[in-house]
1. Within the group 177, 168, which residue is assigned to a helix (DSSP H, G or I) and among the hydrophobic types (A, V, I, L, M, F, W, C)?
2. Could you list, in sequence order, all residues of the stretch 16-32 that are touching a residue at least 60 places away in the same chain (Cβ under 8 Å) and under 22 Å from residue 122 (Cα atoms)?
3. Please specify each residue of the stretch 46-91 satisfying the condition of being of a type in the set (S, T, N, Q) and free of Cβ contacts under 8 Å to residues at least 40 places away in the same chain.
4. Exactly one of these conditions fails for residue 97: (1) more than 25 Å from residue 259 (Cβ to Cβ); (2) part of a helix (DSSP H, G or I); (3) in contact with a His (Cβ under 9 Å, 6 or more places away or on another chain). Give me its number.
5. Please indicate, with yes or no, whether at least one residue in the stretch 225-248 is over 28 Å from residue 93 (Cα atoms), modelled with pLDDT of 85 or more and aromatic (Phe, Trp, Tyr).
6. Name the single residue that is surrounded by the most Cβ atoms within 10 Å (Cβ to Cβ) among those in the stretch 1-30 being among the basic types (Lys, Arg) and either at pLDDT below 95 or assigned to a helix (DSSP H, G or I) (or both).
7. If I ask for residues that are in a loop (DSSP other than H, G, I, E, B) and over 16 Å from residue 220 (Cα atoms), which ones from the stretch 185-201 would you list?
8. Name the residues in the stretch 109-125 that are surrounded by fewer than 19 Cβ atoms within 10 Å (Cβ to Cβ) and part of a helix (DSSP H, G or I), would you?
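The values are calculated or read from the model by the stated rules, or taken from the named source; none is laboratory data. Bear in mind that the values here come from a model prediction, so they are computed numbers and not experimental data. Here the Cβ is made from the backbone with ideal geometry for all residues, glycine too, and neighbour counts use every protein chain on show.
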Amino acid sequence: MQKMDGKPLKTVVIGDVHGRTLWRNVVGLEKDADVVIFLGDYFDSRDRIAGPKQLENFKEILKYQAEMDAQQTTKVILLFGNHDYHYMPWHTREPYSGYLPYMAAKYRRVLMAHLDKITLAYAQDDLLFSHAGVSIEWLKRFSLKSYTDTPWQTYSATALAQEVNATFASLPKRFDFNGFNPTGDDPQQSPIWIRPQALKEANEGQLHPDIIQVFGHTVVKWPDTVVHAFDPPNSQRYFHADLLGSGHYLVYQDGQFAVKSIVKPKTSGTPMSELFPKTEYHKRVEFENKRAWSENMPVRKREFVHPALNNTNKKKE
């Protein structure tokens, strides 16, 4: 997509927020961005950020969106995540990990008051943005057009985004956790819950080959693998962009993706593992993802159980 002056659009993608203020650094570095997309999960900090500060941070994001709308310089898209969803009135199950009961009413009020400013999916040319990814298997079971005769493979990114958003507007409960795998690694999971492996399996041969999906939700082990995983000749067209926790974000311009760093390295030779060491939380997520994606590893033999999995009624991240 190009601007009226013929120059290519610059789209900046900011991963799961979880109360972090690093997004301010990103928009400060990318003042010439035409589109800024937040992938959701504004609440439930993994960095021990107090609930009131998370709320204030989300209000700042809303303020930034309003300012850009008024200036008509940058289009700001706010996507909905699973850690936002469990604060909504239609969520009646047990909350997910990180839930803050003492902040629930305040989070719910601000989300409901600005629900018209938040969306579930967004399309730009052949790019489809959502919090966790759009599964054709989920669309077949839960979307408004679940009984359509039109092959899903013929749907453009824009048509898929419209279908997801229309379903949320009419039937928001259908976006809740609905699978059996405790981490969300099921093909029929919703666009705020599905995991990458299940997403790829669900869409194999059913998604238009030109569509590229960009999503967060699942922590990326190393930021540079986001781009390296995209190999046009054999690509399944997926980008994991949950990068904010490692100090990175994604930029798309002129048909190219690039991962950029918020913090400049002290020296060009400094290893990324030293610049952005994995937190205990990231180590746990990495382990749980390996366990969930391993077909031959019985759950009972795992070495570590994430706190969210100690209670079978609670779901992880």
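1. After applying the criteria, what remains is 168.
2. Of everything in the stretch 16-32, those that are touching a residue at least 60 places away in the same chain (Cβ under 8 Å) and under 22 Å from residue 122 (Cα atoms) turn out to be 16, 17, 18, 23, 26, 30.
3. 71, 72, 73
4. With respect to (1) more than 25 Å from residue 259 (Cβ to Cβ); (2) part of a helix (DSSP H, G or I); (3) in contact with a His (Cβ under 9 Å, 6 or more places away or on another chain), residue 97 is out only on (2).
5. yes
6. It comes out as 24.
7. Within the stretch 185-201, 186, 187, 188, 189, 190, 191, 192 meet the criteria.
8. The answer is 109, 110, 112, 113, 115, 116, 117.
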